[in-house]
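Written out below as structure tokens is the structure these notes cover.
The values are calculated or read from the model by the stated rules, or taken from the named source; none is laboratory data. Remember, it's a predicted structure, so these values are computed and weren't measured experimentally. No Cβ is skipped: glycine too gets one built from the backbone with ideal geometry, and neighbour counts run over all protein chains shown. For the accessible areas, the whole protein counts, side chains as well, though only heavy atoms, and no ligand, DNA or RNA atoms are used. Shrake-Rupley method; radii C 1.70, N 1.55, O 1.52, S 1.80 Å.
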Amino acid sequence: MSKHKAALLEKEGPHIGIYVLPPVAILDQIKLAGETPQGRHLRAIIDTGAESSSISIQTLTELNLVPHNLRPRISTDGKIDHPVYDVIIQILFPENPDPINFHLEVAGLNLDK
């Protein structure tokens, strides 16, 4: 591993490229309407000990997703209710040409900071 890659890994943690799509029910509606579903390529931080997953609320809004619930989260700003969305996350592993799909509930957070 190059020094640059090692320094980046040390600074930012392990990342992986993902593709975010709407949940299956919405994908089916989009396909029935003859439209092409929109997704978004993102760089995700891998945190195997995390309680939940989060995506930028701006990204979720750009994908025209609607939250289905609110959940409280405790952060440095105190206890705040955050919207929860259903999404499909696709991960392409180098040893497998077909993407692996995961259905996830994600919190929409302001991650632009």
Margin query: Explain nothing, just the number: dipole magnitude of the chain about its Cα centre with +1 on each Lys and Arg Cβ and -1 on each Asp and Glu Cβ, in debye rounded to the nearest 20.
Written below: 320 debye
Item checked: Sequence of ILE91, ILE74 from largest to smallest accessible area, 1.4 Å probe -> ILE74, ILE91
Item checked: Dipole-positive endmost among GLN29, THR48, HIS4 within region 1-53 (Cβ charges, Cα centre) -> HIS4
Notebook entry, point to check: Dipole of the chain (Lys/Arg Cβ +1, Asp/Glu Cβ -1, origin at the Cα centre): which of SER75, GLY108, ILE18 lies farthest to the positive side?
Noted result: SER75
Next item on the list: Any chance you could look up the accessible area of THR48 with a 1.4 Å probe, heavy atoms only, rounded to 10 Å²?
Entry: 140 Å²
Notebook entry, point to check: Of (i) -0.43, -0.63, -0.77; (ii) -0.43, -0.68, -0.86; (iii) -0.48, -0.69, -0.82, which one was derived for log10 I(q)/I(0) by the Debye sum over Cα atoms at q = 0.11, 0.14, 0.16 Å⁻¹ from the structure shown?
Noted result: (ii)
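Just need the Rg to Rh number for region 37-81, please, alpha carbons only, Kirkwood Rh.
0.99
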Next item on the list: Please report how far the C-alpha centroid of region 1-55 lies from that of region 62-113, rounded to the nearest whole angstrom.
Entry: 9 Å
Margin query: Could you compute how much accessible surface LEU70 exposes when probed at 1.4 Å, giving the result in Å² to the nearest 10?
Written below: 100 Å²
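What's the carbon and sulfur percent of region 1-84's accessible surface, probe 1.4 angstrom, rounded to a whole number?
That fraction is 55 percent.
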Notebook entry, point to check: How large is the accessible surface per residue of the chain, computed with a 1.4 Å probe and reported in Å² as a whole number?
Noted result: 73 Å²
Check: Where both residues lie in the chain, what percent of DSSP beta bridges are antiparallel, nearest 5?
Finding: 85 percent
Margin query: Counting only other residues whose beta carbon sits under 11 Å from that of ILE18, what net charge do I get with K and R as +1, D and E as -1?
Written below: +2
Notebook entry, point to check: Taking Cα pairs under 8 Å and at least six residues apart, what relative contact order does the chain come out at, in percent?
Noted result: 28 percent
Notebook entry, point to check: For the chain, what number of Lys pairs, 8 or more residues apart or on separate chains, have alpha-carbon atoms under 24 Å from each other?
Noted result: 4
Next item on the list: Give me the accessible area of VAL66, 1.4 Å probe, in Å² rounded to the nearest 10.
Entry: 110 Å²
Margin query: Placing unit charges on C-beta atoms (Lys and Arg positive, Asp and Glu negative, everything else neutral), compute the dipole magnitude of region 51-94 about its Cα centre in debye, rounded to 20.
Written below: 80 debye
